[in-house]
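One structure is given below, encoded as structure tokens.
The values are calculated or read from the model by the stated rules, or taken from the named source; none is laboratory data. Everything numeric here is computed off the predicted structure, so don't read it as measured data. For neighbour counting, all protein chains shown are included, and Cβ atoms are generated from backbone atoms with ideal geometry for every residue, glycine included. Protein only, heavy atoms only, side chains kept; ligands, DNA and RNA dropped before computing areas. Shrake-Rupley method; radii C 1.70, N 1.55, O 1.52, S 1.80 Å.
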Amino acid sequence: MAFSRAAAADDDALLAAFALGDESASAAFLRRFQGRVYGLALSIIRDQAIAEDISQEVFVRAWRAAQSYDPRRGTVLTWLLTITRNAAIDAMRARRSIPAEDEILDHLLHATLDAAPATEDLALNRAEVQSALRFLQGISRPQARAVVLATLGGCTAAEISRLEDIPLGTAKTRIRDGLRRIRQHSEAAHD
Amino acid sequence: MTETWHPDTDLLVDLALGHARADTSDRITRHLSECRACRGVYDELQEGLEAVLPAAPETTAPAGFESGVLERLHPPQQTAPAPHAPKTRMTLAAAAACLLGALIGGTGVYAYERGTSEQTQSPAPEAEHTAELVTAGGETVGWAAAGYGAEGAVLILTVDGGSAGASYTCLGVFDDRSTEVLAEWTIYEDKTSIWVLEESADSLQRLELLDDSGDVWAQAEW
């Protein structure tokens, strides 16, 4: 199979070409990241149509903000997913209610806490995905569940309290301590 | 004055997760700009959050997602066909010619290539106002036709037969036999190019595309 130069470019170079408005680079950029952007939007908003709208908006925002991307602050994927999460949380606030969709949340928990890194990530050597999974799987299971539901599921502490059938204070503690532990793991990994 | 209030960690968690109420969020954000200790705690939480995000499961985007985004990022600058006699002098705009080459002249040219995306379609002018673009050897290599763009009447020129790297000077020949160089284009890829010129009121009799040596490569005549 032949790959275009855009498809083979590293993330930073691809983002730079995307920012310049090159159409083939835009297509390659989309193909590389759309699954992850859409996946995060869907896990937070739990509605396919709205997740699609959010994901489209994310790429438009990314295109507008691409010049401000600073590789010293994180990878392109993390930058893009931060935009996605913010957009999805904004959309979530605008909705009266988010469907519980336990199936989506169960899938989210299973995919992040039980599954091994996906084959395609290994093939692409996408280190940040493997690191994130390793960080989550390196903290206590209750903390990891709370962190996943809060960060990737968009759940509030009150919702996690109900879902996990734990007191609100316990839910808050698990989120807080889980995020701190993960940050420590992340920092240690970079040292 | 030094602020004595400090948000507790749960409020900082709420802010990092985007769950803080708007009024609380504003107050904490202001505080974080002044308090290094609280800023440090918040940054830790934010870094923890960002470290987790790549773990989000990948999900296949719906069919048409890619083309939908590309259409928003690279909208085809399409002009609607309209019956209009093209025997008028063209005026030119600056800009927007990075794909198709340098333009010269004055006021409003759109340029794009057919085939660069699935959304881009060739304009379909009415046949009676269309003139074929024919080479000296009699080969049809495109057409010119009248239409309407966002700014008013335009002349649409398509070229199928050019080869990548070839440059052409577009020369207008008017009813009073005067001539004017309307544009200069370079074809960068072996695919159909579409150029759009704004019209003025002067009558155009013929369009000529001159090659690098100044010879007429092809022309459209009404």
(message) Using the Cα centre of the stretch A:101-191 as the reference point, and only Cβ charges (+1 on K/R, -1 on D/E), how large is the resulting charge dipole? Debye, rounded to the nearest 20.
(response) 500 debye
(message) What do you get for the angle between helix A:48-65 and the principal long axis of chain A? Use alpha-carbon atoms, 0 to 90 degrees, nearest ten.
(response) 50 degrees
(request) Just the number, please: carbon plus sulfur as a percent of the accessible area of the stretch A:8-99, 1.4 Å probe, no ligands or DNA/RNA counted. (result) 48 percent
(request) Divide by every residue of chain A the summed helix terms, -39500 (n - 2.57) for each DSSP H run of at least 4, and state the resulting mean residue ellipticity at 222 nm, rounded to the nearest 500 deg cm²/dmol. (result) -24000 deg cm²/dmol
(message) What are the ³J(HN,Hα) couplings of the stretch B:206-221, residue after residue, when phi is run through the Karplus curve with 6.51, -1.76, 1.60 and θ = phi - 60°? Round to Hz, x for glycine and proline.
(response) 7, 10, 10, 9, 9, 7, 4, 8, x, 7, 6, 7, 7, 8, 10, 10
(message) At 1.4 Å probe size, put B:50, B:139 in order of accessible surface, largest to smallest.
(response) B:139, B:50
(request) At 7 Å along the Cα-to-beta-carbon direction for both residue A:103 and residue A:137, put a label point, then send me their distance in nm to one decimal. (result) 2.6 nm
(message) Taking a virtual spin label 7 Å from the Cα of residue A:158 along the C-beta vector, which residues in the stretch B:6-29 bring their backbone nitrogen under 20 Å of it?
(response) B:8-28
(request) Determine the shielding of peptide A:146-154 by partner chains: average, over its residues, the number of Cβ atoms on other chains within 10 angstrom of each Cβ. (result) 4
(request) Identify the chymotrypsin sites (Phe, Trp or Tyr not before Pro) of the stretch B:4-77 meeting these criteria: DSSP loop state and at most 10 other C-beta atoms within 10 Å of the C-beta. (result) B:5
(request) Compute for chains B and A the buried accessible surface, both sides summed, probe 1.4 Å, and express it in Å² to the nearest 100. (result) 4300 Å²
(message) Please give the Cα centre distance for the stretch A:38-70 versus the stretch A:137-191, rounded to the nearest Å.
(response) 23 Å
(message) Counting only other residues whose beta carbon sits under 9 Å from that of residue B:170, what net charge do I get with K and R as +1, D and E as -1?
(response) -2
(message) Calculate the FRET efficiency for residue A:73 and residue B:163 from the Cβ-Cβ distance with a Förster distance of 56 Å, rounded to the nearest 0.05.
(response) 0.75
(request) Over all directions, average the projected area of the Cα convex hull of chain A and note it in nm². (result) 11.6 nm²
(request) Could you work out the local net charge near residue A:76, counting Lys and Arg as +1, Asp and Glu as -1, over the other residues with Cβ closer than 13 Å to its Cβ? (result) -1
(message) Full-extension gain between residue B:6 and residue B:60, please, as 0.36 nm times their residue separation minus the C-alpha to C-alpha distance.
(response) 15.1 nm
(message) Test of understanding: in a Gaussian network model of chain A with alpha carbons linked when under 10 Å, which of A:30, A:40, A:152 would top the mean-square fluctuation ranking?
(response) A:30
(message) Nothing charged except the Cβ atoms of Lys and Arg (+1) and of Asp and Glu (-1): what's the magnitude of the dipole of chain A about its Cα centre? Round to the nearest 20 debye.
(response) 580 debye
(request) May I ask you to order A:174-180, B:20-26, A:87-93 by the average number of other C-beta atoms within 10 Å around their residues, highest value first? (result) A:174-180, A:87-93, B:20-26
(message) In whole Hz and in residue order, list the ³J(HN,Hα) couplings for the stretch A:141-153 that follow from phi through the Karplus curve 6.51 cos²θ - 1.76 cosθ + 1.60, θ = phi - 60°; x for Gly and Pro.
(response) 4, x, 5, 5, 4, 5, 5, 4, 5, 6, 8, 9, x
(message) For peptide A:171-180, what's the mean number of Cβ atoms from other chains within 10 Å of each residue's Cβ?
(response) 5
(request) Would you mind giving the mean number of other chain beta-carbons within 10 Å of the Cβ of each residue in A:32-40, as a whole number? (result) 6
(message) Let's see if you can work this out: charge +1 on each Lys and Arg Cβ, -1 on each Asp and Glu Cβ, no other charges. What is the dipole magnitude of the stretch B:9-55 about its Cα centre, in debye to the nearest 20?
(response) 160 debye
(message) If amide hydrogens are placed 1.01 Å from N in the peptide plane, which non-local residues have theirs closer than 5 Å to the one on residue B:182?
(response) B:170, B:171, B:172
(request) Arrange the residues A:68, B:67 by how much accessible surface each exposes, largest first, with a 1.4 angstrom probe. (result) A:68, B:67
(request) Determine the relative contact order of the stretch A:8-99: mean sequence separation of Cα pairs under 8 Å and six or more apart, normalised by residue count, in whole percent. (result) 34 percent
(request) Go through the stretch B:1-44 and name the GluC sites (Glu not before Pro) that are in a DSSP coil and have 15 or fewer other Cβ atoms within 10 Å of their Cβ. (result) B:3, B:34
